[in-house]
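See below for the structure under consideration.
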Amino acid sequence: MIGKPEESILVYRMESTDPGVAMPELGREQVHKEGVELIKEWIKKMK
C-alpha cells in the first residue's frame with residue numbers, strides 16, 4: 001500500500017523468520033532491523 005508500510009507485504013516478509021514467508025527465503029535466521037526501517041521510510045515517502 002502506497003505510503004502505508006504497516007500494510008506492505010514487502011515489510012511483512014522482511015520482518016518474518018518463517019521459512020515460507022521470509023524474504024529472502026534462503027539463509028534467513030534473523031531480521032535485518034535497519035534494512036526494514038529503511039524500506040518503511042521509503043514506503044512512507046511514496047505518497
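The values are calculated or read from the model by the stated rules, or taken from the named source; none is laboratory data. Since this is a predicted model, take the numbers as computed values, not measurements. Methodologically, a virtual Cβ is constructed for each residue, glycine included, from the backbone with ideal geometry; neighbour enumeration extends over all protein chains shown.
Miscellaneous remarks
- Of all residue pairs spaced 6 or more apart or on separate chains, those with beta-carbon atoms under 6 Å, a first member in segment 15-39 that is closer than 26 Å to I2 by Cβ and surrounded by 10 or more Cβ atoms within 10 Å (Cβ to Cβ) and a second member that is basic (K, R) and modelled with pLDDT under 90 are A22/R28.
- Taken over segment 3-14, the residue count meeting the criterion of being β-branched (V, I, T) and either touching a Lys or Arg at 6+ places or on another chain (Cβ under 6 Å) or surrounded by 11 or more Cβ atoms within 10 Å (Cβ to Cβ) (or both) is 1.
- Residues being in a loop (DSSP other than H, G, I, E, B) and among the aliphatic types (A, V, I, L, M) - total across segment 5-22: 2
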